[in-house]
Amino acid sequence: MKSTFILISTCILLYSFINQEVAAEVSGFTNPTDTIVLDTLFVNETTTTDHFQGFKIKRGGDLIFRFIITNLLNYSLDISASSGDGGLIIDHYTKRILKPKELEEIVYIFHTKGREGGFSKTMTVAYKPQGESYKNQKVILRGVSGVIE
Amino acid sequence: MQEPNIITKVILTQPQSFIEANLPRLCYLVTGVNPIDNKSVSVSLVDNGGFQFTKLSDENSFNYSNAGIKDKNDFLKKLDEYFNKTNQAITDAFANQKIKTQFFPRAYMKPISASPNYNSKGAVKAVVSWTAVYKIEIPAYENPITRRTEYANLINGGIEITLSAGGKILSFKYNLLPVSSQKSAALYKVVADESAVPQLVYLLNKNTNTVAPFYLSATETAYIPASRESIPPDEEPGEAFKNPMGFDKDRIVVWLMNPDVKKRKLKIFDFFAPRKKDSDNNLPAGAKLIRLEPASETDENTPCVYWWEGSYHQKDFPERSLGKNNNIITELSGQVLQNDVEHLLSRISSYEKKQDEYDKVIKSIRDFSKKLLTKEQIDNGLIKLNSSLQLNKNDKPATILTWQKVLSDVYNPKVNETTNFFDEVLILPLSYDWFMEDKNSITPTLSTYYEETWQGDPLLNRFVGDSGEVVLDENDLIKVKSELLNLRSFVLKTAAKNSPEAAWLQNLTKESLNRIKLIVFVHSATWHYRTEKYAESAALENSFGVFKLSPVLNLLIHEFTGHSNFLFFATGTKPDGTPSDRHIDVKDTEATWNKVSKSGLGSLKQNEDFIDHLYQSHRALGSIALAVIISKISNL
């Protein structure tokens with residue numbers, strides 16, 4: 001299980017290095033366990049926003065958004081993931097501290113039950129040098145949007 | 001007919017239909033402002049009876065008094081004159097209807113607070129307005145033991161009036177029905193006079209020790225709850241006792257009632273018998289407990305953990321003594337409140353000395369924790385809190401305006417030298433219900449517009465759901481702002497053009513929206529929440545003694561913290577120990593509850609995030625809720 005995860009992560013990482021601009025565009029999700037793997041998020045002293053659009057989802061199930069975050073800086077980062085809610089919450093990540101060049105998987109879950117029509121949700125990843133105040137925090141927003149049919 | 005289990009007192013009132021039918025006229029007589037087609041004011045009916053008036057801009061203010069307000073006594077004196085004059089004016093205006101109503105029932109009105117409001121910006125603290133809250137207190141009966149007159153208070157509302165420093169009426173909340181006369185002073189007597197409907201009766205619920213208003217049904221023998229606090233006394237259950245096993249999200253946080261009360265038949269309850277102040281465990285009624293899993297369905301006792309006098313304890317309590325409502329008022333309610341406040345203080349210490357603005361929140365809680373409120377102060381505090389911060393579903397914009405003001409007064413972190421958090425926040429008082437109001441009409445204009453414009457657009461379709469959400473992304477914000485300006489024009493072509501929402505929209509400008517960096521949407525179901533513990537993954541159980549804010553206001557506090565400017569925007573831990581944000585899912589509570597039920601509180605290893613799961617309340621968000629409550633009840 002762990003080796004599969006490392007393999008998938010490495011593939012995603014390599015893919016993302018080659019073409020960071022391509023967003024995952026997938027349709028027809030029907031199962032509660034469906035997972036959308038987003039591009040790797042590289043932290044490089046920036047405040048960025050990226051969007052993944054065009055998802056078409058069948059109503060009812062839970063949808064998982066998953067991505068890898070990589071610290072490209074030469075110092076450790078304190079990371080915090082959050083969501084704007086509206087059905088989207090953090091499912092899990094394990095490390096708050098990300099050492100240089102270290103990877104971490106962040107998983108969100110979107111509950112579509114009771115929702116229909118267009119959706120646009122935002123995942124927020126904040127980071128700051130380890131040990132510094134939250135006032136030195138930088139924020140990366142990752143938007144996912146589409147339609148619940 | 002005699003009802004020995006409850007104390008009743010008949011007060012005749014004018015029906016809400018009287019206010020409804022005469023709202024513009026009453027508003028003019030009371031505030032001096034003609035509300036018809038007046039976009040500078042918002043006037044709406046209050047759900048429980050009465051109406052409210054809010055000034056949205058400074059134009060055309062009614063200058064009640066030309067002379068400025070000098071001090072508190074001067075303020076109350078001016079209000080007294082005002083009540084006199086207005087009562088006379090209303091009597092004259094409705095002379096042909098032969099209404100005996102004293103619109104302001106001065107004999108029963110008692111001021112519980114009168115205080116200045118200061119400007120929240122700038123270096124100089126200047127008084128900008130004065131607010132007074134009056135409760136309605138009715139002599140109920142003579143207590144044969146003490147020979148004192150006992151009073152019943154209308155606890156779900158009162159009269160709140162705010163005058164500018166120059167004497168202009170800025171807001172007015174008449175949160176009751178006009179009292180027309182007192183029918184009888186007799187104890188234990190319900191007089192069914194059906195000539196004036198509805199009648200309001202105040203019932204003492206012996207299970208919760210609260211007095212709350214009910215309407216008397218004109219057609220059947222029944223009490224109709226007239227407020228959220230109006231809980232009819234329970235009948236003795238006929239079924240065999242069964243102690244529920246397993247996790248039930250609505251029975252995790254419970255409150256101790258007098259353990260013997262529910263075992264006794266209500267109909268033979270002797271109100272004047274000496275009351276047992278403490279339970280077997282020396283805990284007063286109203287104490288907050290965490291109900292754990294009982295040993296078996298037949299066990300009449302249930303293990304509970306609780307915080308009392310500085311530490312956690314675990315003991316068994318009779319299952320029948322565990323109530324689902326914190327509205328339990330006794331002589332010891334002050335002690336219960338103080339305990340809850342001290343508990344929270346002990347839990348938020350890790351946030352201290354990290355942000356100046358939040359340190360002020362902690363200081364206000366610490367200062368308040370040293371006060372022991374009397375029962376009367378608790379009663380008055382409830383009235384003031386309910387009068388000031390009650391959700392009025394008929395006027396969401398006015399409610400939101402009030403809430404945002406009180407929130408920014410208690411906690412408004414600096415974004416930079418010139419900007420504070422709430423300068424950049426827009427809470428939408430719009431709702432799915434409002435858009436859908438004309439859905440069944442012949443020309444469903446607004447609802448059709450909503451379906452075509454909002455519902456299909458991923459960036460705008462944010463009103464449907466069971467919680468709320470925030471918009472932070474720059475592109476999303478541009479879209480929402482642009483659509484709000486479109487809606488501002490469009491709404492004037494619809495049947496909703498005179499709604500408070502339409503008036504609110506007219507006050508939006510491109511310039512005012514430019515500074516907004518966070519827009520909060522409240523979902524359709526959330527506006528109707530009353531006692532819900534969660535709004536999806538937002539925990540809402542932020543109660544302190546008998547005090548608790550509206551679930552919607554608790555949800556808003558949760559939503560604001562989705563912004564990274566907040567100290568505690570992303571602090572939390574999942575039950576498995578991995579990081580989380582401020583969300584607490586019902587599954588988190590269930591996992592933590594299972595752990596504590598099996599292995600005791602020690603299994604949580606004093607991790608405050610796990611305590612949050614168990615108490616169904618994020619401690620930092622709870623502290624903001626408490627600071628709001630304190631701001632309303634500390635000066636009684």
Q) Of all residues in region B:265-307, which are at pLDDT below 95 and within 19 Å of B:Asn326 (Cα to Cα)? A) B:Lys276, B:Lys277, B:Asp278, B:Ser279, B:Asn281, B:Asn282, B:Leu283, B:Pro284, B:Ala285, B:Gly286
Q.
Checking B:Leu426 against (1) outside any loop (DSSP other than H, G, I, E, B); (2) more than 30 Å from the chain's Cα centre (by Cα); (3) over 23 Å from A:Gly146 (Cβ atoms), only one condition comes out false. Which one?
A. (2)
Q: Filter region B:1-38 for residues that are at pLDDT 80 or above and of a type in the set (D, E, K, R) and give the result.
A: B:Glu20, B:Arg25, B:Asp37
Q: State all residues of region B:542-563 that are outside any helix (DSSP H, G or I) and either more than 17 Å from the chain's Cα centre (by Cα) or crowded, with 24+ Cβ neighbours inside 10 Å (or both); if no residue qualifies, say none.
A: B:Asn542, B:Ser543, B:Phe544, B:Gly545, B:Val546, B:Phe547, B:Leu549, B:Thr561, B:Gly562, B:His563
Q) For B:Ala591, which of the numbered conditions (1) farther than 30 Å from B:Leu430 by Cβ; (2) touching a residue at least 40 places away in the same chain (Cβ under 8 Å) fails to hold? A) (2)
Q. Can you find even one residue in region B:370-389 that is under 21 Å from B:Leu56 (Cα atoms), part of a loop (DSSP other than H, G, I, E, B) and not basic (Lys, Arg)?
A. no
Q. Considering region B:436-484 alone, what residues qualify as being of a type in the set (S, T, N, Q) and not in a helix (DSSP H, G or I)?
A. B:Asn440, B:Ser441, B:Thr443, B:Asn461, B:Ser467
(Q) Considering only region B:358-366, I want to know if a residue exists there that is free of Cβ contacts under 8 Å to residues at least 12 places away in the same chain, farther than 30 Å from B:Met245 by Cβ and under 24 Å from the mean Cα position of the chain (by Cα). (A) yes
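Could you tell me whether any residue of region B:301-317 is touching a residue at least 12 places away in the same chain (Cβ under 8 Å), among the acidic types (Asp, Glu), in contact with a strand residue (DSSP E or B) (Cβ under 7 Å, 6 or more places away or on another chain) and surrounded by fewer than 21 Cβ atoms within 10 Å (Cβ to Cβ)? Outline the logic, then answer.
Taking region B:301-317 as the starting set, the residues that turn out to be touching a residue at least 12 places away in the same chain (Cβ under 8 Å) are B:301-310, B:312, B:314-317.
Then keep just the ones that are among the acidic types (Asp, Glu); that gives B:309, B:316.
The next check asks that each one be in contact with a strand residue (DSSP E or B) (Cβ under 7 Å, 6 or more places away or on another chain); those that pass are B:316.
Retained after the next criterion (residues that are surrounded by fewer than 21 Cβ atoms within 10 Å (Cβ to Cβ)): B:316.
Yes; the residues of region B:301-317 include at least one that is touching a residue at least 12 places away in the same chain (Cβ under 8 Å), among the acidic types (Asp, Glu), in contact with a strand residue (DSSP E or B) (Cβ under 7 Å, 6 or more places away or on another chain) and surrounded by fewer than 21 Cβ atoms within 10 Å (Cβ to Cβ).
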Q: Mind listing whichever residues of region A:93-132 are over 20 Å from B:Asp581 (Cβ atoms), within 8 Å of chain B (Cβ to nearest Cβ) and not in a loop (DSSP other than H, G, I, E, B)?
A: A:Gly117, A:Gly118
Q. Does A:Thr48 qualify as being modelled with pLDDT under 90 and either more than 9 Å from chain B (Cβ to nearest Cβ) or under 18 Å from the mean Cα position of the chain (by Cα) (or both)?
A. yes
Q | Considering residues of region B:564-600 that are out of contact with any Gly (no Cβ under 7 Å at 6 or more places or on another chain), among the acidic types (Asp, Glu) and within 9 Å of chain A (Cβ to nearest Cβ) only, the residue surrounded by the most Cβ atoms within 10 Å (Cβ to Cβ) | A | B:Asp585
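Does at least one position in region B:446-459 carry a residue that is modelled with pLDDT under 95, crowded, with 22+ Cβ neighbours inside 10 Å and touching a strand residue (DSSP E or B) at 6+ places or on another chain (Cβ under 6 Å)?
Of the residues in region B:446-459, the ones modelled with pLDDT under 95 are B:451-459.
The next check asks that each one be crowded, with 22+ Cβ neighbours inside 10 Å; those that pass are B:454, B:458.
Filter once more, keeping what is touching a strand residue (DSSP E or B) at 6+ places or on another chain (Cβ under 6 Å): B:458.
Looking through region B:446-459, at least one residue is modelled with pLDDT under 95, crowded, with 22+ Cβ neighbours inside 10 Å and touching a strand residue (DSSP E or B) at 6+ places or on another chain (Cβ under 6 Å).
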Q: Return yes when A:Lys58 is modelled with pLDDT of 90 or more, more than 16 Å from the chain's Cα centre (by Cα) and more than 7 Å from chain B (Cβ to nearest Cβ) and no when it is not.
A: no
Q | A:Asn74, sole failed condition from (1) part of a loop (DSSP other than H, G, I, E, B); (2) at the interface with chain B (Cβ under 10 Å from one of its Cβ atoms); (3) at pLDDT 90 or above | A | (2)
**Q.** Those residues of region A:133-143 which are more than 18 Å from A:His92 (Cα to Cα) and more than 9 Å from chain B (Cβ to nearest Cβ), in sequence order
**A.** A:Asn136
Q: Kindly check whether there is at least one residue in region B:378-385 that is surrounded by fewer than 20 Cβ atoms within 10 Å (Cβ to Cβ), among the β-branched types (Val, Ile, Thr) and either more than 24 Å from B:Gln606 (Cβ to Cβ) or in contact (Cβ under 8 Å) with a residue 24 or more places away in the chain (or both).
A: no
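Results for (1) within 14 Å of chain A (Cβ to nearest Cβ); (2) buried (at least 19 other Cβ atoms within 10 Å of the Cβ); (3) within 24 Å of the chain's Cα centre (by Cα), shown as yes or no for each residue.
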{"residue": "B:Ile442", "(1), (2), (3)": "no, no, no"}
{"residue": "B:Gly465", "(1), (2), (3)": "yes, yes, yes"}
{"residue": "B:Ile478", "(1), (2), (3)": "yes, no, no"}
{"residue": "B:Ala496", "(1), (2), (3)": "no, yes, no"}
{"residue": "B:Lys517", "(1), (2), (3)": "yes, no, no"}
Q. Could you say whether any residue in region B:510-520 is in contact (Cβ under 8 Å) with a residue 24 or more places away in the chain, touching a Gly at 6+ places or on another chain (Cβ under 9 Å) and β-branched (Val, Ile, Thr)?
A. yes
Q. Considering only region A:78-92, how many residues are over 11 Å from the mean Cα position of the chain (by Cα), within 7 Å of another protein chain (Cβ to nearest Cβ) and in contact (Cβ under 8 Å) with a residue 40 or more places away in the chain?
A. 2
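The values are calculated or read from the model by the stated rules, or taken from the named source; none is laboratory data. Keep in mind that this is a model prediction, so the values were computed, not measured. Positions of Cβ are backbone-derived with ideal geometry, glycine not excepted, and every protein chain shown enters the neighbour counts.
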